[in-house]
Amino acid sequence: MLKGNFITAQEAAQKIKDGSTLCTIGMTLVSASESILKELEKRFNEQGHPSNLTLVHSCGQSDRKDGIQHLAHEGMVKRIIGSHWGLQPRWMQMIAENQVEAYCLPQGQIAQLYRSMACGLPGKMSKVGLGTFIDPRVEGGKMNERTKVLPDIVDLIEYDNEKYLFYKQIPLDTVLIRGTICDEMGNLTTTEEAMKLEVLPAVLAAKRYGGRVIAQVKRVVQSGTINPKEVTVPGVFIDDIVVCENPLEDHRQTSSWYFDASYCGQIRVPVHDIAAAPFNERKFIARRGAQELYKGAVINLGTGIPNDMIGKVCNEEKVSDDIMITVESGIYGGVQAGGIDFGIGQNLTAMITHHEQMDYYNGAGVDITYMGLGELGEDGSVNSTKMGARCTGAGGFIDITQNAKKIVFLGTFTASGAEYEFKDGKLTILKEGKIQKMVKKVAQLSFNGPMAREKGQEVMIVTERAVFELCKEGVKLIEIAPGIDLQTQVLEKMEFKPIISESLKLMDERLFQQEGPFGLQLKEK
């Protein structure tokens with residue numbers, strides 16, 4: 001009988017060589033191989049090795065403290081190829097200060113690239129990213145000055161008279177994965193993980209290039225005791241297994257807790273136990289966004305206000321059973337955790353793998369996606385990926401928005417320090433934000449407004465004081481909040497003049513209801 005090769009986290013860190021390409025699998029802190037990552041950091045700090053790594057990751061993999069933050073040291077990683085760094089302050093700083101070569105690619109394209117590499121292809125062809133900062137005609141996904149002079153890792157190609165992007169293969173030397181249990185042969189399950197992720201495609205991609213697969217697990221069981229249907233990765237593909245010595249700290253289900261059975265589908269919690277979101281400007285914006293829902297809609301929730309608030313609003317308004325909420329991690333239904341625990345949920349109806357979820361978003365396209373808003377440009381373009389020197393990255397934003405049937409961007413009208421009062425059915429701006437978000441031209445092209453207008457994509461922008469829609473002519477103002485002065489608090493706070501609807505409306509006063517549900521009525525399709 002084949003036996004798994006069981007080693008310590010320290011021994012695992014020794015196996016990663018200078019100059020090699022390391023791929024880590026996880027999202028936020030879910031499925032992070034924390035004990036191995038810590039030992040890698042310790043080894044570098046003490047010995048200067050491994051150094052000059054190329055780090056590849058599809059999702060954001062930190063909670064501002066752990067995860068791949070452990071690898072954020074100048075000299076340890078020469079090049080990072082990832083999608084999102086919003087919860088990784090050291091990585092954003094290193095990128096901003098040109099301490100690392102940095103390429104940003106759409107999250108779904110990286111996850112699916114593993115699958116393409118695994119089956120022997122030289123890369124992946126897709127329309128996702130065309131007309132955005134990923135496009136080599138724009139920025140090529142290069143996130144700082146150090147990277148701009150380097151070769152493109154995405155090509156523009158033409159096939160059957162249509163343009164596509166070609167995401168080039170990235171040979172992987174080592175892949176770090178995590179599972180719940182494995183047997184003595186190394187067969188690995190992910191039964192207590194809060195996401196399925198893209199574990200097997202990444203493993204098979206490493207095998208295609210002769211790479212090493214190292215798995216961190218919580219415990220080991222006797223061979224033959226695991227239901228074969230529950231095996232995520234057959235043991236024959238795993239080179240080394242690290243049994244976590246301190247699971248309470250280094251094998252947490254997610255950042256906020258060690259383990260909660262409701263987040264891996266083993267139990268359900270009573271709906272009334274899921275707390276309603278407190279009333280503030282974020283909930284107000286989410287309520288207005290939720291008014292775009294219709295019965296039977298399949299929706300996606302991005303990070304920020306969408307994931308933190310939309311699901312909770314729907315649960316409070318008792319409309320959750322009439323729609324289907326999805327998140328890019330592969331979860332369906334339920335109520336989402338949000339924040340540093342983005343991508344997981346309670347009372348789910350289904351959970352599929354990350355790369356398969358992106359197949360749906362890239363192909364059929366979700367009915368409605370709710371996304372965060374960084375900047376809105378005069379032509380309807382949106383930046384939600386780079387604010388000044390702060391490179392948050394794309395995550396799944398580009399994969400999802402380019403093919404969604406309808407997009408609802410949610411965000412405050414200004415940023416940094418704004419204060420509000422919602423009282424007597426009116427909005428009062430107590431303190432204006434320092435940063436204007438309605439700009440002449442966005443700093444980075446995350447969403448291409450002219451392309452969306454050309455193909456007739458339905459787009460709305462919802463803020464606490466104004467609602468806009470994208471039309472053929474440009475950005476149209478269609479609603480303002482009661483209590484807001486159109487000229488001084490909307491138009492004069494914009495770098496461009498929007499089209500003002502002839503039927504400009506006041507936002508629904510019911511949105512100001514601070515206690516209990518406000519009475520959301522879903523539209524008919």
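So which of Leu29, Leu53 ends up being open to solvent by 10 Å² or more (accessible area, probe 1.4 Å), in contact with a Lys or Arg (Cβ under 8 Å, 6 or more places away or on another chain), among the hydrophobic types (A, V, I, L, M, F, W, C) and at negative phi?
Answer to the selection: Leu29.
Go through the stretch 414-423 and give me each residue that's aliphatic (A, V, I, L, M) and not in a loop (DSSP other than H, G, I, E, B).
Ala415
Which one of these is among the hydroxyl-bearing types (Ser, Thr, Tyr) and open to solvent by less than 10 Å² (accessible area, probe 1.4 Å): Ser320, Ser329? Walk me through how you get there before you give the answer.
Working: Ser320 fails: open to solvent by less than 10 Å² (accessible area, probe 1.4 Å).
Within the list Ser320, Ser329, the selection yields Ser329.
Consider Pro89 against the criteria (1) open to solvent by 30 Å² or more (accessible area, probe 1.4 Å); (2) in contact with an Asp or Glu (Cβ under 9 Å, 6 or more places away or on another chain): it satisfies all of them except one. Which criterion is unmet?
Unmet condition: (2).
Tell me whether the stretch 133-140 contains one or more residues that are within 23 Å of Asp359 (Cα to Cα), of a type in the set (Phe, Trp, Tyr) and not in a strand (DSSP E or B).
yes
Out of the residues in the stretch 332-354 that are out of contact with any Leu (no Cβ under 7 Å at 6 or more places or on another chain) and closer than 16 Å to Leu410 by Cβ, state the one that is surrounded by the most Cβ atoms within 10 Å (Cβ to Cβ).
So, considering only residues that are out of contact with any Leu (no Cβ under 7 Å at 6 or more places or on another chain) and closer than 16 Å to Leu410 by Cβ, the one surrounded by the most Cβ atoms within 10 Å (Cβ to Cβ) is Phe342.
Every residue, every condition in (1) at pLDDT below 95; (2) under 16 Å from the mean Cα position of the chain (by Cα), yes or no:
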| position | (1), (2) |
| --- | --- |
| Gly338 | yes, yes |
| Phe342 | yes, yes |
| Gly345 | yes, yes |
| His355 | no, yes |
| Gly363 | no, no |
| Met387 | yes, no |
| Thr401 | no, yes |
| Leu410 | no, yes |
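Which of the numbered conditions does Leu176 fail, given that it passes all the others? Conditions: (1) part of a loop (DSSP other than H, G, I, E, B); (2) within 23 Å of the chain's Cα centre (by Cα); (3) of a type outside the set (Phe, Trp, Tyr).
(1)
Failed condition for Leu121, given (1) hydrophobic (A, V, I, L, M, F, W, C); (2) in contact (Cβ under 8 Å) with a residue 60 or more places away in the chain; (3) more than 28 Å from Ala13 (Cα to Cα); (4) open to solvent by 30 Å² or more (accessible area, probe 1.4 Å), with all others met?
Going through (1) hydrophobic (A, V, I, L, M, F, W, C); (2) in contact (Cβ under 8 Å) with a residue 60 or more places away in the chain; (3) more than 28 Å from Ala13 (Cα to Cα); (4) open to solvent by 30 Å² or more (accessible area, probe 1.4 Å) one by one, Leu121 breaks only (2).
Being in a loop (DSSP other than H, G, I, E, B), among the acidic types (Asp, Glu) and within 15 Å of Arg178 (Cβ to Cβ) is the filter here, so list the residues in the stretch 240-264 that pass it.
Within the stretch 240-264, just Glu245 meets the criteria.
Of all residues in the stretch 141-165 being touching a strand residue (DSSP E or B) at 6+ places or on another chain (Cβ under 7 Å) and farther than 27 Å from Tyr360 by Cβ, which is most open to solvent (accessible area, probe 1.4 Å)?
Ranking the qualifying residues of the stretch 141-165, first place goes to Lys148.
How about the stretch 95-118: which of its residues are out of contact with any His (no Cβ under 7 Å at 6 or more places or on another chain) and open to solvent by 10 Å² or more (accessible area, probe 1.4 Å)?
The answer is Ala96, Glu97, Asn98, Gln99, Glu101, Ser116, Ala118.
Test Gly395 against the stated conditions and say whether it is in contact with a Leu (Cβ under 9 Å, 6 or more places away or on another chain) and part of a loop (DSSP other than H, G, I, E, B).
No, not satisfied.
Among the candidates Ile267, Ile299, single out the residue that is under 22 Å from the mean Cα position of the chain (by Cα), at negative phi and either modelled with pLDDT of 95 or more or among the hydrophobic types (A, V, I, L, M, F, W, C) (or both). Break it down into steps so the answer makes sense when it comes.
On the way: Ile267 fails: under 22 Å from the mean Cα position of the chain (by Cα).
Exactly one residue qualifies, and that residue is Ile299.
Report the residue count in the stretch 349-375 for those that are touching a residue at least 60 places away in the same chain (Cβ under 8 Å), in a loop (DSSP other than H, G, I, E, B) and not small (Gly, Ala, Ser).
5
Using the structure shown, decide if Val242 is over 29 Å from Thr349 (Cβ atoms) and crowded, with 21+ Cβ neighbours inside 10 Å.
So Val242 fits the description; yes.
Quick one: is Val128 open to solvent by 20 Å² or more (accessible area, probe 1.4 Å) and of a type outside the set (Ser, Thr, Tyr)?
no
In the set Gln10, Gln61, which member is over 25 Å from Gln169 (Cα atoms) and modelled with pLDDT of 95 or more?
One residue alone meets the criteria, Gln10.
Please work out which residue is nearest to Ala466 (Cα to Cα), limiting yourself to the stretch 290-312 and to residues that are surrounded by fewer than 24 Cβ atoms within 10 Å (Cβ to Cβ) and of a type outside the set (Asp, Glu).
Of everything passing the filter in the stretch 290-312, Gln291 is nearest to Ala466 (Cα to Cα).
Looking only at the stretch 57-82, how many residues end up being in a strand (DSSP E or B) and surrounded by fewer than 24 Cβ atoms within 10 Å (Cβ to Cβ)?
4
Exactly one of (1) closer than 16 Å to Val327 by Cβ; (2) surrounded by fewer than 20 Cβ atoms within 10 Å (Cβ to Cβ) is unmet by Ser416. Its number?
(1)
Do we have any residue at all in the stretch 189-208 that's open to solvent by 30 Å² or more (accessible area, probe 1.4 Å), of a type outside the set (D, E, K, R) and more than 28 Å from the chain's Cα centre (by Cα)?
Checked the stretch 189-208: no residue is open to solvent by 30 Å² or more (accessible area, probe 1.4 Å), of a type outside the set (D, E, K, R) and more than 28 Å from the chain's Cα centre (by Cα).
The values are calculated or read from the model by the stated rules, or taken from the named source; none is laboratory data. Everything numeric in this text was worked out from a predicted model, so none of it was measured. Positions of Cβ are backbone-derived with ideal geometry, glycine not excepted, and every protein chain shown enters the neighbour counts. Areas reflect the complete protein model, heavy atoms only, side chains present, ligands, DNA and RNA absent. Shrake-Rupley method; radii C 1.70, N 1.55, O 1.52, S 1.80 Å.
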